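See below for the structure under consideration.
What follows is calculated from the coordinates using simple rules that are stated; it is not laboratory data. Computed from a prediction, not measured in an experiment: that's the story for all the values here. Please note: Cβ atoms are built from the backbone with ideal geometry, for glycine as well, and neighbour counts cover all protein chains shown.
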Amino acid sequence: MSALKTRFSISVLLVCFWAAPVFAADITAGEQKAAACIACHGPKGKSANAQWPNLAAQQSAYIVSQLNAFKTGTRNNAMMQSIAGNLSNDDINNLAAYYFSQPPVSAGGDSTLAKAGQSKASMCLGCHGPSAEGNGQFPRLAGQHPEYLVKQLNSFKEGVRKSGHMQAIANTLSEEDMKALAAYFGAL
C-alpha cells in the first residue's frame with residue numbers, strides 16, 4: 001500500500017509540475033498592464049487603426065516572443081522597444097495571457113480581393129493554422145488589419161523583419177498577392 005501511495009504522490013506532483021506553466025500567467029494582472037497598450041492596440045486588443053495590429057486572441061507564445069524581441073532590440077520599433085524594455089517577464093506573460101483570452105475580431109477587407117486571396121492562402125495555413133488562428137510561435141492572421149499585414153509582408157520582403165521562411169515566401173509575392181492575402185485574412 002505504501003508503494004501505491006508513493007506512486008500516487010509522485011504522479012500528483014508531476015501533474016502539478018507540468019501544469020504549473022499553464023496557470024503561471026495572471027490574466028487580471030495582464031488586463032491591468034494592458035491599460036498602457038489601449039492607445040494603439042485598442043480596448044481588449046481590438047485596434048481601430050490599421051497602423052497597429054489587433055492583439056485580441058493572438059497566440060500567447062507569439063506575443064511573448066515579439067515582446068522579448070522588442071525588449072532585446074532584435075525587432076526594431078522605437079515605441080515598442082521603449083515599452084517592452086520596461087516589462088518584466090511576468091508582465092510579458094500576463095499580457096500575452098490576457099490578449100490570448102480575448103475574443104477574436106475581424107478587421108474586414110475588400111471582398112473581391114479576399115476571394116482572390118483565399119485561393120492563395122493555403123501556403124500560409126500550414127504554419128499559421130488551418131483557420132489562420134495562429135499556431136504557437138506563428139501569429140494569428142485571422143481578423144488582422146489588411147494594411148498591417150501588407151506592411152509586415154513588405155518588411156519581410158525588404159529584410160527589415162528577419163525570418164528566413166517568411167522572407168522566402170514574401171519574395172515570391174507580388175504587391176497584388178500581398179493585398180489579396182491580407183484582405184482574405186482580414187475578413188476572417
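Couple of notes before you dig in:
- Computed from the C-beta positions of N171 and S101, the FRET efficiency with R₀ = 30 Å rounds to 0.25.
- Spatially close Lys pairs in the chain, defined by Cα atoms under 19 Å apart and a spacing of eight or more places or different chains, total 12.
- Difference of contour (0.36 nm per residue) and Cα-Cα distance, N89 to T74: 3.7 nm
- Separation of alpha-carbon centers, the range 130-188 and the range 35-101, rounded to whole Å: 18
- With 10 Å bins beginning at zero, the pair-distance distribution over Cα atoms of the range 69-123 amounts to 19, 27, 27, 25, 2 %.
- Within the chain, helix-based [θ] at 222 nm, where runs of 4 or more DSSP H residues each add -39,500 (n - 2.57), nearest 500: -18500 deg cm²/dmol
- Charged side chains reduced to their Cβ positions (Lys and Arg at +1, Asp and Glu at -1) give the range 12-133 a dipole of some 300 debye around its Cα centre.
- Rounded to the nearest 0.05, the FRET efficiency derived from the C-beta distance between K162 and T28 at R0 = 25 Å is 0.10.
- Positive-end residue of G42, L181, I83, charge dipole of the chain with Cβ unit charges: I83
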